[in-house]
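One structure below.
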Amino acid sequence: MAAKLMHAVQYSGYGGGVDALKHVEVAVPDPKADEVLIKIEAATLNPIDWKIQTGVLRPFLPRKFPTIPGSDVAGEVVQAGSSVKKFKTGDKVVAILSHANGGALAEYAVAKENLTVARPPEVTAPEGAALPVAALTAHQALTQSASIKLDGSGETKNILITAASGGVGHYAVQLAMLGNTHITATCGARNLEFVKSLGANEVLDYKTPEGAALKSPSGKKYDYVIHCAMGTPWATFEPNLSAAGKVIDLTPGPSAIMTFAMKMLTFSKKQLVPLLLIPKTENFEYVVNLVKEGKLKTVVDSKHPLSKAEDAWSKMMSGHATGKIIIEP
């Protein structure tokens, strides 16, 4: 019997940006024993998706060419693998696909059962699809790297969140608000009021001298920096940190890795800590439940049909999205 075909967007080698994306008809994937096949209702892109295309993680990712990019999806289970216990056909879900295989820019995708969670009716498909990489990264940075308790307990911590209007940043501000924190945030001038509305106590325009220097308007020293931007040298952070302040770098480059190593070797109290997202089911369920309860909101920058995925890819590459970029079949 001929395999059922689906519309997908893929690229066949490193580089090329938007021009390398091709619309194709490919076979709908078959779920393995521990996987579910999802009919995608919404997907979102993350900066790592286009960075993988540039070859930043070669030779590890993608695992093979051609590849269908994207990892964050929401939709409906249409087939469950033989060992799947939690989900059945018809269930609404949110899932994170492996970056090794990708698959979000398509009509269907397979996801591991342990990286799939139920999506309650109060959470729309775009709201759900926006969560996996961005909200889980923000959650891990705050609760594990920075040890912030999101029930408001513990002593007050001063936190700086850079690029606070972006995908990870806008979740980080909202999640930090649930803890006992004083939040300073940076963003572009056009988003100052938006980031204040999310709950930041102080907001800096990163293009002003004060913003570029990351100086707290109230003179606070930061216990933790959730660093969602790129290209800030350690020398800019260092004078703004408390005695044992930590910079949690979500997009560490070679210089950040070198700083991390040097700070470890010299037993410095001030640290730079690279973050690698390790998705956990309980954290995934937690952030989905926060959206259900109205305590965490997804801000949508723009929506694009799969047939115009290039527009979404271009917007993502620009680095100027406010919130999340959604793609719908």
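The values are calculated or read from the model by the stated rules, or taken from the named source; none is laboratory data. Predicted, not measured: the structure shown is a model, and the values here were computed from it. Don't worry about glycine lacking a Cβ; one is built from the backbone with ideal geometry, like all the others, and counts go over all protein chains shown. Quick note on the areas: whole protein, heavy atoms, side chains included, nothing else; ligands and nucleic acids left out. Shrake-Rupley method; radii C 1.70, N 1.55, O 1.52, S 1.80 Å.
Here are a few things to note about the model shown:
- Cα-only radius of gyration and Dmax that characterise the chain, units Å: 19.9, 69
- Share of carbon and sulfur in the accessible heavy-atom surface of the chain [1.4 Å probe, %]: 57
- Coil-residue trypsin sites (Lys or Arg not before Pro) of region 24-127, DSSP, other Cβ within 10 Å capped at 15: LYS32, ARG63, LYS64, LYS85, LYS86, LYS88
- Assuming charge only on the beta carbon of Lys and Arg (+1) and of Asp and Glu (-1), the dipole of region 224-329 about its Cα centre is about 260 debye to the nearest 20.
- Estimated at 0.36 nm per residue, the fully extended path between LYS303 and PHE65 surpasses their Cα-Cα distance by 83.0 nm.
- Nearest-20 debye value, the chain charge dipole, Cβ charges on Lys, Arg, Asp, Glu: 580
- Positive-end extreme of charge dipole, the chain - chosen from ALA321, VAL77, GLY231 (charges on Cβ): GLY231
- Listed peptides 184-190, 144-150 appear in the order 184-190, 144-150 once ranked by packing, highest mean of other Cβ atoms within 10 Å at the front.
- Sites counted here are chymotrypsin sites (Phe, Trp or Tyr not before Pro) in a DSSP loop (not H, G, I, E or B) having no more than 10 other Cβ atoms within 10 Å; the longest part of the chain that contains none of them is 61-266.
- Probe 1.4 Å, accessible area per residue of the chain, Å²: 45
- Charge dipole (the chain, unit charges on Cβ, about Cα centre) - positive-most of LEU272, THR143, ALA200: LEU272
- Förster radius 51 Å - calculated FRET efficiency between GLU25 and ALA189 (Cβ-Cβ, nearest 0.05): 0.70
- Region 14-150 - Kirkwood radius from inverse mean 1/r over Cα pairs (Å): 15.7
- Residue among LEU105, VAL26, GLY55 farthest towards the positive dipole end of region 1-117, charges placed on Cβ: GLY55
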